[in-house]
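One structure is given here, and the rest of the page talks about it.
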Amino acid sequence: ETGVTQSPTHLIKTRGQQVTLRCSSQSGHNTVSWYQQALGQGPQFIFQYYREEENGRGNFPPRFSGLQFPNYSSELNVNALELDDSALYLCASNSGGAGFNEQFFGPGTRLTVL
Amino acid sequence: DQQVKQNSPSLSVQEGRISILNCDYTNSMFDYFLWYKKYPAEGPTFLISISSIKDKNEDGRFTVFLNKSAKHLSLHIVPSQPGDSAVYFCAAMTTDSWGKLQFGAGTQVVVTP
């Protein structure tokens with residue numbers, strides 16, 4: 001069973017640029033969530049995708065957008081990067097649905113915005 | 001609006017002793033509480049959970065206690081081992097949230113020999 005993988009591991013961008021982060025879900029999982037973890041803070045929920053549709057969004061501006069593909073892999077896109085976007089971006093997958101639903105996390109992508 | 005709070009950023013404990021990590025929450029609608037452990041350069045990994053209808057859940061060296069009236073939970077690790085040195089996150093979710101988690105800021109635990 002393959003776990004959640006993310007690419008790239010690290011990324012450096014400048015303010016105003018655009019970035020795309022990628023995530024491959026754990027085998028058998030059809031739901032993916034993205035979290036932003038700023039330094040010294042806990043992960044904050046950005047949005048979730050279920051079967052290629054957005055299924056909930058946290059308090060993040062529209063320049064944070066996502067996609068989920070038929071194979072359940074996912075992308076997080078951030079436009080017009082700001083210095084405060086520097087963070088660890090975590091992807092998590094699960095099998096979807098209500099009830100207790102453990103999320104399995106990838107190792108994250110460390111984004112630095114200069 | 002921080003609904004889950006961990007007020008202790010760090011904890012140092014001797015090997016073999018008990019580690020107690022605390023977490024407070026404000027949303028009485030949470031149905032499940034979870035603890036995640038995170039090593040550097042790795043994603044958080046699930047450790048233990050508790051349903052809001054329980055007051056205790058135990059798994060080996062790890063026990064979580066829930067006090068709903070105080071909106072407080074704690075994680076006990078007994079005995080602490082050097083491999084337990086990591087950041088521990090408290091998280092919460094509702095039944096209808098499809099697993100979306102609200103996290104606390106984390107507590108860095110260091111277990112010394």
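No lab work stands behind these numbers, since they all come straight from the coordinates. Computed from a prediction, not measured in an experiment: that's the story for all the values here. Because the Cβ atoms are built from the backbone with ideal geometry, glycine has one as well, and the counts that use them run over all protein chains shown.
Quick look at the values:
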quantity	calculated
Proximal charge balance of A:Gly42 [Cβ under 15 Å; K/R count +1, D/E count -1]	+2
Within straight-line cross-link reach of B:Lys54, lysines at Cα separation under 23 Å, skipping those fewer than 8 residues along the same chain	B:Lys5, B:Lys37, B:Lys68, B:Lys71, B:Lys100
Equivalent ellipsoid semi-axes, chain B, via Cα gyration tensor eigenvalues times 5, rooted, Å	23, 15, 12
Extension gain from A:Thr20 to A:Glu53, taking 0.36 nm per residue of separation minus the Cα-Cα distance	10.1 nm
Kirkwood Rh and Cα Rg combined as Rg over Rh, evaluated for the protein assembly as shown	0.97
Largest-first principal axis extents, alpha carbons of chain A, Å	38, 28, 26
Net lengthening on full extension, B:Phe46/B:Asp31 (0.36 nm per residue, minus Cα-Cα)	3.7 nm
Fewest-first sequence of B:Tyr39, A:Tyr35, A:Tyr72 by Cβ atoms within 10 Å of each Cβ	B:Tyr39, A:Tyr72, A:Tyr35
Nonlocal amide H pairs with B:Ile48, under 5 Å, H built at 1.01 Å	B:Trp35
Ranking of B:Met29, B:Met93 by count of other Cβ atoms within 10 Å, fewest first	B:Met29, B:Met93
